[in-house]
Amino acid sequence: MRICRFSHGEEVSFGVLDNLDDQGELTENSIIAILRGHPFGELDPDGRVIAASSVKLLAPILPSKIIGIGKNYAEHAVEMNSVLPTEPLMFLKPNTSVIGPNEFIVLPQQSSIIHHEAELAIVIGRFCKDVPRGRVDEVVLGYTCANDVSARDVQQMDGQWTRAKGFDTFCPLGPWIETDLDPTNLTISAYVGSQQRQSGNTKDLVFSVVDLVSYVSHQMTLLPGDVILTGTPAGIGPIIAGDEIEIAIEGIGSLVNTVKDAQ
């Protein structure tokens, strides 16, 4: 099932998306069954069905917090001249960094080296704490695409990651949440224009989705809608104004954003 969040006129709603093509992309026949309220717990359709082409897709969730995981692919750790962590390396991104599909990534004036980072994002579906590994499936709503945009020069200057990864627009999410997905063997790609920059697979995660949800929940309470970014494969690189960035994940779809300079 694909759960989306969208605006239609002045209304913002969640809905269930249907009638996509074989590649999981929208078509002129794609429809949305509108939900009452949020998508956590039992879904409650309100009876209305509208054409997907008549709405604007938004970030599929507005989390209370975004937990990033660093150096979770061995080849990425190598390209960053780092050793692999012995436990998941956590950082936080503010929810003000979230944008949705086709919104602009805005380059801040404080940085001249901005990188893309394609990532599988886990969306938490219920209040949880200290989740055993065997019960992780019970607390996950689904998965979406993410771009952990990072100001690399700021990261190096500060010696930590909060400011470098926390600028407004630095966490594109979308285009929807896929609830029926095995996250253990998914191809992840990043394209800048027509050039493929990243190509990885979740089977190469140092710490798996199960590892991460259980570990993070033992450090902090997770709320419905919270997002865990699972790390990026090798191939990160710079983005500049005018670039179109596509994050594509097998079984989910593609998240596309364009880059622009701050005004």
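The values are calculated or read from the model by the stated rules, or taken from the named source; none is laboratory data. Here the structure is a predicted model, which is why all the values come from computation and not from measurement. Using ideal geometry, Cβ is built from the backbone for each residue, glycine included, and neighbour counts are taken over all protein chains shown.
Things to note:
- Residue list for region 184-215, restricted to those being closer than 19 Å to VAL131 by Cβ, surrounded by fewer than 19 Cβ atoms within 10 Å (Cβ to Cβ) and small (Gly, Ala, Ser): SER208
- You will find that of THR144, THR162, THR96, the residue that is under 27 Å from LYS56 (Cα atoms), among the β-branched types (Val, Ile, Thr), surrounded by fewer than 24 Cβ atoms within 10 Å (Cβ to Cβ) and under 19 Å from the mean Cα position of the chain (by Cα) is THR96 and no other.
- Residue in region 237-261 that is farthest from GLU117 (Cα to Cα), counting only those that are crowded, with 20+ Cβ neighbours inside 10 Å and among the aliphatic types (A, V, I, L, M): ILE252
- The condition of being outside the structural domain of THR184 (by TED's automatic domain parsing), surrounded by fewer than 16 Cβ atoms within 10 Å (Cβ to Cβ) and under 29 Å from PRO238 (Cα atoms) holds for GLN23.
- From VAL106, VAL131, VAL154, residue being touching a residue at least 12 places away in the same chain (Cβ under 8 Å), part of a helix (DSSP H, G or I) and either hydrophobic (A, V, I, L, M, F, W, C) or in contact with a Cys (Cβ under 6 Å, 6 or more places away or on another chain) (or both): VAL154
- Residue within region 211-222 that is hydroxyl-bearing (Ser, Thr, Tyr) and in contact with a His (Cβ under 7 Å, 6 or more places away or on another chain) present: no
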